[in-house]
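Chemist: Handing you this structure, nothing more for now.
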Amino acid sequence: MLSKIWDQHRIADLTGDAALIAIDRIFLHERTGAAALGSMKAAGREVTDPARTFCVMDHIVDTRPGRSDQTLMPGGQAFITETRSAAREAGITLFDVSDPDQGIVHVISPELGIVLPGATLIAPDSHTCTQGAFGALAWGIGSSEAEHAMATGTLRVARPKTMRVTFSGAVAPGVTPKDMILALIARHGAGGGRGHVVEFAGEAVSSLDMEGRMTLCNMATEFAAMTGIIAADQATFEYLEGRRYAPRGGEWEMALAHWRELASDPGSIFDVEIEIEAAGIEPMVSWGTSPEQSVGIGDTVPPDAGERPLAYMGLEPGQPIRGLAIDAAFIGSCTNSRLSDLRRAAALLKGRHVAPGVTALCVPGSTSVKRAAEAEGIDKLFVDAGFQWRESGCSMCFYAGGESFAPGSRVISSTNRNFEGRQGPNIRTHIASPETVVASAIAGRIADPRETAL
Amino acid sequence: MPITRLVGIAAPLLRDNIDTDAIIPSREITKTGKTGLAAGLFAGWRYKSPVSREPDPDFVLNRPAYRDAQILLGGANFGCGSSREHAVWALAESGIRSVVAPSFAPIFFGNCVRNGILPVVLPAEAVAEIAESVSADPAGTPLEIDLPRQLLSLPDGRSWSFPLDEEPRTMLIEGLDAIDVTLKRKSEIAAFHRRDVAARPWIYLGKSA
């Protein structure tokens, strides 16, 4: 797929492996939007195509009900107000704090049909790879590259190598795309995908719905991949049809014909091929301070685990991961906070309650997801079970909005990073699927969701 | 600012997977600009507690011998995690002009190039050897990095070649602004869009059907 999208977008060859690549969609957020737009203005540069440049307030917005521009993050309000005025001045499309379409960038972009198969889409956010689930070439860049894309409509890109990761067969019941991607990173390392676009393939991938595919692609960045991508198919087209920025009428038909040609041809040669037996994957939980430091729920902290992560996480080598007492549980983030994630989590919560002493939060991935969940009574299931039900935003994935759990807390989280201090000073993060998070919240200890479901 | 030759004290921080949350914790980014970040550099490691700001004397950059370090020696997958360019801005503001590591996360690598910080890829064994050599006497064992020749050397003459693709190499050596360079191709870009709007009209929003 990379070759087809690359060739479609290549404006000129540059030196070495680099090419000037046309960028179809740019998506900013308030954490760096003001900096990028302000820097452009100072240099006397304009946004080349405002109609294809978007921005959303997601990263540091308060998620408490009744929120305003004020944030718990010191100085956060300026990020919101300055991004707002810069976005308006530049004439780009802004989804503001109280906009009904507001949400985490990689949740709302597909909801609105902004990402499309075969398109190039960039954002100054490392989880932009999430959107590769739509067969788009979508990747994260820094603020300066975002300026370059806005000012020229292009990026100067070194052509990546290609890797295909095939999940063959089917996962066992209770095993999710979150577990699949953690298994890949645990086996092949946090640097395993470096320099490659990783194409996910196999029956266990094509049988995933779009939200499941997004979870899988989301953590391609934790694999050091340039990005992740999954071939667009009927499920993709059905998801996108009728969405606000998706094509309609004659253009829809034209687009479909184009999109159907994008999948990798049979017999395509990839620089690297990895195969994983899906049936062998268990629910996964991280034990350490890198996503590669993850094990199956039935496993232990490795006997050769390093001193530093053990000390930070307060664990011993050989200690079982199941049964670790937790202080908090978080459901949220661009990895796992879409409607299907919340439905599955709510199903496990029904008739049960969070264990005493456990702080539990659910932050829906977008305001649309929140509304849809409320229409189905999912919010009530969460609240009755002892979860806080919040407004949408990136929230406690990264100590955003200045909100965190108590220092030293052991947190089980549906997010994507368990780095030292990621969720707050001395916070001990264990990343897992939403099902595992909920099962653990109920038990008050890290638990196997397959046992809760029984 | 063009880079040709750097000579500077190197500070070893040989941990793998040093992520950008470690380089600049989110709570340290309190202003919208690109400056005012030096105090937040490695804040979680540099200070005994985030509130007290009391320097931890054991952290490498707090040690007097490394206070004027201009080169950082790191572990594999340096700069992984969040794309926040603040990580690079904080390093630059703190006087770091090059990072030497066995591998870099892709977004961080690109951010370095855009900000005139030279990312040098050397095998882990080489970085370890260099770290051992400099740590005995950091000020007396400055590293010399020759970008045009792609050579990193110690004062005793030991040297290592490092790779760098032509595109970032040229940008760094000549101190070019990537946007200015690209805008020289305005007519090619326009020609592409004329063809593309006919081939993929659905991409072009805001234009009448």
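Throughout, read-outs are computed from the coordinates displayed, never taken from laboratory work. These figures come from a predicted structure and were not determined experimentally. Ideal geometry is used to build each Cβ from the backbone, glycine not excepted, and the neighbour counts take in all protein chains shown.
Chemist: Would you kindly calculate the translational diffusion coefficient of segment A:63-211, applying Stokes-Einstein with the Kirkwood radius from alpha carbon pairs, for 37 °C and a viscosity of 0.692 mPa s, and quote it in µm² s⁻¹ without decimals?
Modeler: 181
Chemist: Distance between the C-alpha centers of segment B:80-158 and segment A:1-73? Whole Å please.
Modeler: Here the two parts' Cα centres lie 28 Å apart.
Chemist: Need one value for A:134-146: mean number of C-beta atoms belonging to other chains within 10 Å of its residues' C-beta atoms.
Modeler: Shielding by partners across A:134-146 averages 5.
Chemist: Still on this model: Would you mind checking segment B:94-117 for residues with the amide N under 16 Å from a putative spin-label position 7 Å along Cα→C-beta of B:Glu129?
Modeler: Correct set: B:101-102.
Chemist: Against the globular-protein guess of 2.2 N^0.38 Å, express the Cα radius of gyration of segment B:64-152 as a ratio, rounded to two decimals.
Modeler: On the way: Rg = 12.8 Å, N = 89, 2.2 N^0.38 = 12.1 Å.
Cα-based Rg divided by the globular estimate yields 1.05.
Chemist: Further question on the same structure: Given the options B:Ala11, B:Ala190, B:Ala43, which has the most mean-square fluctuation in a GNM of chain B, springs set between C-alpha atoms less than 10 angstrom apart?
Modeler: Among B:Ala11, B:Ala190, B:Ala43, the largest GNM mean-square fluctuation belongs to B:Ala190.
Chemist: Now, a different point. In chain B, what percentage of the DSSP-assigned beta bridges are antiparallel, given to the nearest 5?
Modeler: Here the antiparallel bridges make up roughly 45 percent for chain B.
Chemist: Let me ask something else about it. How big is the convex hull of the Cα atoms of the protein assembly as shown, per residue, in Å³?
Modeler: 142
Chemist: Just to be sure I follow: if Rg is taken over the C-alpha atoms of segment B:24-88 and Rh is the Kirkwood radius over the same atoms, what is Rg/Rh?
Modeler: Values: Rg = 12.5 Å, Rh = 13.1 Å.
In segment B:24-88, Rg relative to Rh is 0.95.
Chemist: I would also like to ask the following. Once you keep just the Cα pairs under 8 angstrom separated by 6 or more residues, what percentage relative contact order results for segment B:83-141?
Modeler: 33
Chemist: Okay, next question. Under a plain spin-label model, where a point goes 7 Å from the Cα along Cα-to-Cβ, how far apart in nm are A:Ile269 and A:Ala325?
Modeler: 5.9
Chemist: Using R₀ = 51 Å, calculate the FRET efficiency as 1/(1 + (r/R₀)^6) where r is the Cβ-Cβ separation of A:Glu316 and B:Glu144; round to 0.05.
Modeler: Using R0 = 51 Å, I get an efficiency of 0.70.
Chemist: Show log10 I(q)/I(0) for segment A:185-331 at q = 0.12, 0.13, 0.21, 0.22 Å⁻¹, two decimals, from a solvent-free Debye sum over equal Cα scatterers.
Modeler: For segment A:185-331, the Cα-only Debye profile gives -0.67, -0.76, -1.38, -1.45.
Chemist: Once you keep just the Cα pairs under 8 angstrom separated by 6 or more residues, what percentage relative contact order results for chain A?
Modeler: 17
Chemist: What's the average, rounded to a whole number, of partner chain beta-carbon atoms within 10 Å of each residue's beta-carbon in A:68-81?
Modeler: 2
Chemist: Mind running the shape call on segment A:94-178? Use the C-alpha gyration tensor, a ≥ b ≥ c as the square roots of the eigenvalues: rounded below 1.5 for a/c, prolate if a/b tops b/c, oblate otherwise.
Modeler: Verdict is oblate for segment A:94-178.
Chemist: Something else: What nm distance separates the two modelled labels at A:Asp233 and B:Ala190, each placed 7 Å from Cα along Cα→Cβ?
Modeler: 4.4
Chemist: Once you keep just the Cα pairs under 8 angstrom separated by 6 or more residues, what percentage relative contact order results for chain B? Intermediate results must be reported in sequence, preceding the final value.
Modeler: Details: 364 pairs, mean separation 49.5, N = 209.
After rounding, I find 24 percent.
Chemist: Moving on. When you take every Cα atom in segment B:71-209, what is the radius of gyration, and what is Dmax, the widest Cα pair distance, in Å?
Modeler: That works out to 19.9, 70 Å for Rg and Dmax.
Chemist: For the protein assembly as shown, with the dipole built from +1 on Lys and Arg beta-carbon atoms and -1 on Asp and Glu ones, taken about the Cα centre, which of A:Ser126, A:Gly351, B:Leu37 lies farthest toward the positive end?
Modeler: With unit charges placed on the Cβ atoms, the residue in question is B:Leu37.
Chemist: Another question about this same structure. How many angstrom lie between the Cα centre of segment A:250-322 and the Cα centre of segment A:384-412?
Modeler: The two parts, judged by their Cα centres, are 24 Å apart.
Chemist: For segment A:1-48, go through all pairs of different Cα atoms, get the mean of 1/r, take its inverse, and jot down that Kirkwood value in Å.
Modeler: Every distinct Cα pair counted, the radius reaches 13.1 Å.
Chemist: Per residue of B:47-58, count partner chain C-beta atoms within 10 Å of its C-beta, then hand back the mean as an integer.
Modeler: Working: counts 0, 0, 3, 5, 1, 0, 0, 0, 0, 0, 0, 0.
Other-chain Cβ atoms within 10 Å of each residue's Cβ, averaged: 1.
Chemist: Then there's this: If you take every residue apart from A:Arg260 with its C-beta less than 13 Å away from the C-beta of A:Arg260, what net charge results, scoring Lys and Arg +1 and Asp and Glu -1?
Modeler: Taking every other residue near A:Arg260 into account, the sum is -3.
Chemist: By per-residue mean of other Cβ atoms within 10 Å, what is the highest-first order of A:169-179, A:219-229, A:356-366?
Modeler: Put in order of decreasing packing, that is A:219-229, A:356-366, A:169-179.
Chemist: How would you rank B:18-25, A:374-381, highest first, on the average number of other Cβ atoms within 10 Å across their residues? Display every interim value, and only then the final one.
Modeler: Details: B:18-25: 25.4, A:374-381: 15.5.
So the peptides B:18-25, A:374-381, ranked by packing, come out B:18-25, A:374-381.
Chemist: Non-local amide H neighbours of A:Val301 (under 5 Å, H modeled in plane, Pro and chain starts lacking H): which ones?
Modeler: Under 5 Å from the amide H of A:Val301 lie the amide H atoms of A:Gly318, A:Gln319, A:Ile321, each far enough along the sequence or on another chain.
Chemist: Among residues other than A:Tyr239 whose Cβ falls under 12 Å from its Cβ, what is the net charge (Lys/Arg +1, Asp/Glu -1)?
Modeler: On the way: positive: A:Arg213, A:Arg243, A:Arg338; negative: A:Glu111, A:Asp209, A:Glu211, A:Asp233, A:Glu238, A:Glu241.
Every neighbour counted, the sum reads -3.
Chemist: Would you mind giving the average projected area, over all directions, of the Cα convex hull of segment A:349-449 in nm² with one decimal?
Modeler: 6.0
Chemist: Here's a follow-up. If one computes the Cα centroid of segment A:123-197 and of segment B:1-72, what distance in Å separates the two points?
Modeler: That distance is 28 Å.
Chemist: Add -39500 (n - 2.57) for each DSSP H run of 4 or more in chain B, then divide by its residues: what number comes out at 222 nm, to the nearest 500 deg cm²/dmol?
Modeler: Here the helix-only value at 222 nm equals -9000 deg cm²/dmol.
Chemist: Moving to a separate point now. Calculated FRET efficiency, B:Val7 and A:Asp7, Cβ-Cβ r, R0 35 Å, to nearest 0.05? Intermediate results must be reported in sequence, preceding the final value.
Modeler: Working: r = 44 Å, r/R0 = 1.26.
It comes to 0.20.
Chemist: Whole-Hz ³J(HN,Hα) for each residue in segment B:172-187, computed from phi via Karplus 6.51 cos²θ - 1.76 cosθ + 1.60 with θ = phi - 60°, x for glycine and proline: what do you get?
Modeler: Here the 3J(HN,Hα) series is 6, 4, 8, x, 7, 8, 4, 5, 4, 5, 5, 5, 5, 9, 3, 6 Hz.
Chemist: Output the 0 to 90 degree angle, nearest 10, between the alpha-carbon long axis of helix A:339-349 and the longest principal axis computed from the alpha carbons of chain A.
Modeler: In chain A, helix A:339-349 runs at an angle near 10 degrees to the longest axis.
Chemist: Another question, then. Using only the Cα atoms of segment A:196-279, construct the convex hull and provide its projected area averaged over every direction, in square nanometres to one decimal.
Modeler: Working: hull surface 26.3 nm².
Dividing the Cα hull surface by four gives the mean projection, 6.6 nm².
Chemist: Taking chain B as a Gaussian network, Cα atoms linked when under 10 Å apart, which of B:Glu174, B:Glu188, B:Glu144 shows the biggest mean-square fluctuation?
Modeler: Highest fluctuation of the listed residues: B:Glu188.
Chemist: Further, regarding this structure: Toward the positive end of the charge dipole of segment A:364-439, about the Cα centre and with charges on Cβ (Lys, Arg +1; Asp, Glu -1), which of A:Ala406, A:Pro364, A:Gln388 goes farthest?
Modeler: A:Ala406
Chemist: Take peptides A:207-218, B:145-156 and line them up by average Cβ neighbours within 10 Å, highest first, as a rough protection proxy.
Modeler: Per-residue mean Cβ counts within 10 Å order the peptides as A:207-218, B:145-156.
Chemist: Same structure, new question: Rounded, prolate or oblate: which fits segment A:15-150, taking a ≥ b ≥ c as square roots of the Cα gyration tensor eigenvalues, rounded meaning a/c under 1.5, else prolate when a/b beats b/c?
Modeler: Working: a/c = 1.93, a/b = 1.34, b/c = 1.45.
Oblate, since a/c reaches 1.5 and b/c is not below a/b.
Chemist: Name the residue farthest towards the positive end of the dipole of the protein assembly as shown from the options A:Leu72, A:Ala22, A:Val175, assuming +1 on Cβ of Lys and Arg, -1 on Cβ of Asp and Glu, about the Cα centre.
Modeler: So the residue furthest toward the plus end is A:Leu72.
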